[in-house]
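What follows is calculated from the coordinates using simple rules that are stated; it is not laboratory data. Bear in mind that the values here come from a model prediction, so they are computed numbers and not experimental data. Neighbour counts run over all protein chains shown; Cβ positions are idealised from the backbone, glycine included.
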Amino acid sequence: MTRTQQHGLRARIAVGASAAAVAATIWGVTALVTPGDAPAPRPGHAAGRTGTDGAQGGSGPGAAPGAGPQAQPAALPDSIAHASEAGGNAVNITIDDGPDPRWTPQVLAVLARHDVKAVFCMIGPQAKAHPDLVKKVVAAGHRLCDHTMAHDTAMDKKPVAYQEAQILDAKKLIEEAAGGGAKVEYYRAPGGAFTPDSRRVAVAHGMRPLGWNVDTKDFHKPGTAAITDAVKRELGNGPTVLFHDGGGDRRQTVAALDQVLSWLEEQGRPTGFPVRTAPDPS
């Protein structure tokens, strides 16, 4: 090989090495921003959360922790949920304003007797005052719902910062009372005082806004028969029924809930939980 040929070969090698270095750099950057990369979970969404949103884990049996792609929690719509995860003619039982040391245990006993699961929409300070009851609700397989700190039915007229504090402070107290990593899965505005901002705050922290179709008006203590009749009369409006275990004497509610659940069994109507990740057709 002549001196001129050796010089040309060294130049070609240098150019090739430079090109390889550039390609490696570009590849490295591309790998960081690949469209398939999973985004970081939003606040309130644990990457390894399990439950109705789908199983989480590795790429196969025996996968090491962190090995393989991780499934992400499904995004929550900010629309107000009414439909049932159980579909069809299933009914959702929801219980508001507790927990209460006298009435919540009785409501839990009725639900257990009928093997029915419900959503308990709790007031933050009530949950803090009665953590034993919050734990019993969770242990029985029911779901938790944020019903704010002060049950302010005019909060839709208040500043966004106020709404956010009402929602997130209550969520924190409920989850602290529940312990064990239990999560609040829904948010129900007092008196239905939802706003676009409050719904966005809830969804950003893992809670689906939750409405109702049947208002039993048990809060006004109209009598056991009137509460039961309201359910039978209004259930055609949709599947989510509103009862209360807090805010006063709930003996009529306890008796009516027992009658309603018996009636649903006679009608062949199953019960379920409200949708979380699915769009609500109602």
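Quick one: net charge around Ser198, please, counting Lys, Arg +1 and Asp, Glu -1 for every other residue with C-beta under 12 Å from its C-beta.
Around Ser198, the surrounding residues sum to -1.
To the nearest 0.05, how large is the calculated FRET efficiency for Ala140 and His220 if R₀ is 25 Å and r is the Cβ-Cβ distance?
Given R0 = 25 Å and the Cβ-Cβ separation, E is 0.35.
Multiply the residue separation of Asp132 and Glu265 by 0.36 nm, subtract the distance between their alpha-carbon atoms, and state the gained length in nm to one decimal.
Roughly 44.9 nm would be gained on extension.
Per 0.36 nm of contour for each residue apart, how much would the distance between Ala109 and Arg233 grow if the chain were fully extended, relative to their Cα-Cα spacing?
42.1 nm
How high is the relative contact order of the stretch 131-282, given as a whole-number percent (alpha carbon pairs under 8 Å, six or more residues apart)?
This gives 19 percent for the stretch 131-282.
Relative contact order for the stretch 170-223: what is it in percent, counting Cα pairs under 8 Å that are at least 6 residues apart?
31
Between Glu85 and residues 5 or more places away or on another chain, which pairs have amide H atoms under 5 Å apart, with H built 1.01 Å from N, and which residues are they?
The list, which skips near neighbours in sequence, is Phe273, Val275.
Among the lysines, which fall within straight-line cross-link reach of Lys128, defined as a Cα-Cα distance under 23 Å, with same-chain neighbours fewer than 8 residues apart omitted?
Lys128 reaches Lys117, Lys136, Lys171, Lys172, Lys183.
Alpha carbon centre of the stretch 140-167 versus the stretch 221-282: separation in Å?
If you average the Cα positions of each part, the centres end up 22 Å apart.
Spin-label point model (7 Å from Cα, Cβ direction): what's the Ala86 to Ala165 distance in nm?
Taking the two extended label points, one gets 4.0 nm.
What does the charge count around Ile80 come to, taking other residues whose C-beta lies under 11 Å from its C-beta (Lys +1, Arg +1, Asp -1, Glu -1)?
Around Ile80, the charge tally is +1.
Work out the FRET efficiency for Arg251 and Ala75 from their Cβ-Cβ distance, taking R0 = 41 Å, and round it to the nearest 0.05.
Working from the Cβ atoms, E equals 0.45.
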